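Student: I'd like to ask you about the structure that follows.
The values are calculated or read from the model by the stated rules, or taken from the named source; none is laboratory data. Predicted model, so just to flag it, every value in this text is computed and none were measured. Heads up, the Cβs are rebuilt from the backbone with ideal geometry, glycines too, and the neighbour counts pull from every protein chain shown. Just so you know, the surface numbers come from the protein's heavy atoms only, side chains and all, with ligands and any DNA or RNA stripped out. Shrake-Rupley method; radii C 1.70, N 1.55, O 1.52, S 1.80 Å.
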Amino acid sequence: MSTEQKPGCSTRLDTPADIGEQLQVLQVHPRDNVVVALQPLTQGVALPEPFAQLTAQQSIPAGHKVALTNIAKGESVIKYGFAIGAATTDIKAGEHIHSHNLATKLSGQVDYRYDGCQAQPLAFPDSLPTEFMGYRRANGKVGTRNELWIINTVGCVNRAAMRVAEQARKLYGDDIDGIYAFTHPFGCSQLGDDLDHTRRLLAGLIQHPNAGAVLVMGLGCENNQLSKLLAASEGVDLSRIRSFNAQQVEDEIEQGLAAVAELVAQMRSDKRTPCPVSDLVMGMKCGGSDGLSGLTANPLVGRIADLVAAGNGKVVLTETPEMFGAEQVFMARAQNEQVFGDIVTLVNDFKQYFIDNKQPVYENPSPGNKDGGLTTLEEKSLGAIQKGGSAVVNQVIRYGDMASQSGLTLLEGPGNDAVSSTALTAAGATLLLFTTGRGTPLGFPAPTVKISSNSSLASRKPQWIDFDAGGLLQKGRDAEQFSHDFFRYLIDVASGKATRNEQSDNREIAIWKNGVTL
């Protein structure tokens, strides 16, 4: 493969001071030969300054691209300063650019070369809070919630786990931050790596610091044996764990409620205490992206990633397929050659996963993404990786592993919202930052902060959205101050402020199934 992309750091959105009430179009990077319509453009109407010499050749929806110059067939279309594909026909200045005249340039394998870490050191601003109120656990980790989680080894006891949680909430719901059962359909009839994925993922949840205590419920005859799951849950406070197999007790509901009673009695004494920003673990995710996601919400989350990394906290980024076409940006920020090699392996192994399953590697974006203005995988990936900010990549981990290094960690995982967000939680994220342009009510075990890329979504779905990044496009908005305000809000969430998913009780998990079922 050959594209015009070169290693470098992600583009940042800096809002000019002389804009109107809201920008109508935006050129993301000075090298770009397109601008993005931030509001619908009418055919025959001149673009705003400084592009008034151009006229919209068609009616162009918000989030979609407009050619700044004439682009010949086969020539690269540039956005974020990088090639996002090639023109499939001659394109005139002012014309709409989308699937009808733009296609990916990605194909096959890529030869990568390490040229040293190009990321710059980051400093934490003196004006921002350096602490949040968290729950310090016996192993030193810090939770942002004090909840009791019920984890089941196998789908056969899903209903039993849910009934225990429902009855326990009536009895003890006011004593701690919450009691939740996170059920799934797996654990039986799995073998090899597929079974290992399930076990490691569940073990990560059992070890999560937001769980002040955990009840693990098994059946007894499943492949995912209770004893092996507990053995995989290293470093947990065993005094805060209760477990049993339903086949080995007379009444699993009574047994579960008795275990919960013991655990809640211990958790009642847990108190929030001041904890440094270095104890924060944030997972970054996007879902239902649109043409503005890479311009507003994702860069905003990227600034938060930089702040947390500068404060020696942990930032975890996943969705490996949505790095394809932009992976060299991360490679240029690898801490050392070992991390660089780990990124290469991460990307190539995931491409091979597609190939082994006889699927096209670059079959992306989704229909919803395309409706929102995203055309090629390069464009989607370059927008998606904005969530990683500009920090050094210190670590690469596999699905089911936990982040252990401060700074930015890349986590193996698919783009699927539920699977990747669950993997982020199991990796230790105590807050999830989820950007979206189309909207979704999904929530996960860790508090899930929904950030809209556009103000229309925030207005239409206030029950879903916690923070409106569309405000970045308002007149005179200072992007740095905006991100600092958002960081303060996140400190409040880490200290106990409820997110929309918590208020609506939208919490679930999903596990990556990648093997045969017996």
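Student: Scan segment 353-399 for GluC sites (Glu not before Pro) in coil per DSSP, keeping those whose Cβ has at most 15 other Cβ atoms within 10 Å, and list them by number.
Tutor: Working: sites: GLU363, GLU378, GLU379; in loops: GLU363.
Within segment 353-399, the qualifying GluC sites (Glu not before Pro) (loop, at most 15 other Cβ atoms within 10 Å) are GLU363.
Student: Let me ask you something else. Step through the table entries LYS170/LYS387; LYS65/LYS358; LYS380/LYS513; LYS314/LYS497; LYS79/LYS285, compare each Cα-Cα distance with 28 Å, and write down the pairs that go over it. Before the final figure, lay out the partial values.
Tutor: Values: LYS170/LYS387 39 Å; LYS65/LYS358 32 Å; LYS380/LYS513 25 Å; LYS314/LYS497 21 Å; LYS79/LYS285 21 Å.
The answer is LYS170/LYS387; LYS65/LYS358.
Student: Less than 19 Å apart at the alpha-carbon level, and either on another chain or at least 8 residues along: which aspartates and glutamates does that give for LYS141?
Tutor: Qualifying aspartates and glutamates at Cα under 19 Å: GLU131, ASP177, GLU234, ASP237, ASP270, ASP279, ASP401, ASP492.
Student: Also: Find me the longest stretch of the chain that has none of the exposed trypsin sites (Lys or Arg not before Pro), where exposed means in a DSSP loop (not H, G, I, E or B) with at most 10 other Cβ atoms within 10 Å. Mind dumping the intermediate values first?
Tutor: Numbers: sites that count: ARG113, LYS271, LYS358.
It runs 359-518.
Student: Checking the cross-link filter: which aspartates and glutamates have an alpha carbon closer than 12 Å to that of LYS450, excluding same-chain neighbours under 8 positions apart?
Tutor: Of all the aspartates and glutamates, those that pass the test against LYS450 - Cα under 12 Å, at least 8 places apart if same chain - are ASP466, ASP468, GLU502.
Student: Roughly what angle does helix 337-356 make with the longest principal axis of the chain, taking Cα atoms, 0 to 90 degrees, to the nearest 10?
Tutor: It works out to around 90 degrees.
Student: Right, something else. Counting only protein heavy atoms and using a 1.4 Å probe, what share of the accessible area of the chain belongs to carbon plus sulfur, as a whole percent? Walk me through the numbers before you get to the answer.
Tutor: Numbers: 9100 of 19610 Å².
The value for the chain is 46 percent carbon and sulfur by accessible area.
Student: When the helix-only estimate is applied to the chain (DSSP H runs of n ≥ 4, each -39,500 (n - 2.57), divided by the residue count), what is the mean residue ellipticity at 222 nm, nearest 500 deg cm²/dmol?
Tutor: Numbers: 13 runs with 141 residues, N = 518.
Helices in the chain give a 222 nm mean residue ellipticity of -8000 deg cm²/dmol.
Student: Follow-up. Roughly how far apart, in whole Å, are the Cα centres of segment 205-225 and segment 453-518?
Tutor: Segment 205-225 and segment 453-518 have Cα centres spaced 28 Å from each other.
Student: Over all directions, the average projected area of the alpha-carbon convex hull for segment 231-316 comes to how many nm²? Can you show the working numbers first?
Tutor: On the way: hull surface 39.0 nm².
Result: 9.8 nm².
Student: May I pose another question? Please give the Cα centre distance for segment 335-380 versus segment 293-332, rounded to the nearest Å.
Tutor: For segment 335-380 versus segment 293-332, the Cα centre distance is 15 Å.
Student: Between the alpha-carbon centers of segment 88-103 and segment 386-411, tell me the distance in whole angstrom.
Tutor: Cα centres, segment 88-103 to segment 386-411: 36 Å.
Student: Where does the Debye-calculated log10 I(q)/I(0) of segment 370-518 sit at q = 0.10, 0.16, 0.18 Å⁻¹, using only Cα point scatterers of equal weight, no solvent?
Tutor: -0.39, -1.04, -1.33
Student: How charged is the neighbourhood of GLY140? Take every other residue with its Cβ under 13 Å from the Cβ of GLY140, and add Lys/Arg as +1 and Asp/Glu as -1. Before the final figure, lay out the partial values.
Tutor: Details: positive: ARG136, ARG137, LYS141; negative: ASP237, ASP279.
Net charge in that neighbourhood comes out at +1.
Student: Per residue, how many Å² of accessible area does the chain show with a 1.4 Å probe? Please list the in-between numbers first.
Tutor: On the way: 19610 Å² over 518 residues.
I get 38 Å² per residue for the chain.
Student: List the chymotrypsin sites (Phe, Trp or Tyr not before Pro) within segment 142-197 that fall in a DSSP loop (any state other than H, G, I, E or B) and whose Cβ has at most 16 other Cβ atoms within 10 Å. Provide the component values of the computation, followed by the final result.
Tutor: Details: sites: TRP149, TYR172, TYR180, PHE182, PHE186; in loops: PHE186.
Passing sites in segment 142-197 do not exist.
Student: Using only Cα positions of the chain, each an equal point scatterer, no hydration layer, compute I(q)/I(0) via Debye at q = 0.05, 0.07, 0.12 Å⁻¹ and quote the log10 values to two decimals.
Tutor: -0.20, -0.39, -1.08
Student: Cut-off under 17 Å on the C-alpha distance; same-chain residues fewer than 8 positions from LYS351 excluded. Which aspartates and glutamates are left, in chain and number order?
Tutor: Hits, sequence-local ones excluded: ASP111, GLU319, GLU322, GLU327, ASP342, GLU363, GLU378, GLU412.
Student: Sticking with this structure for a sec: In degrees between 0 and 90, to the nearest 10, how far off the longest principal axis of the chain does helix 417-426 point, with axes built from Cα atoms?
Tutor: 50 degrees
Student: For the chain, find the longest principal axis of its Cα atoms and tell me its angle to the long axis of helix 252-267, 0 to 90°, nearest 10.
Tutor: 80 degrees
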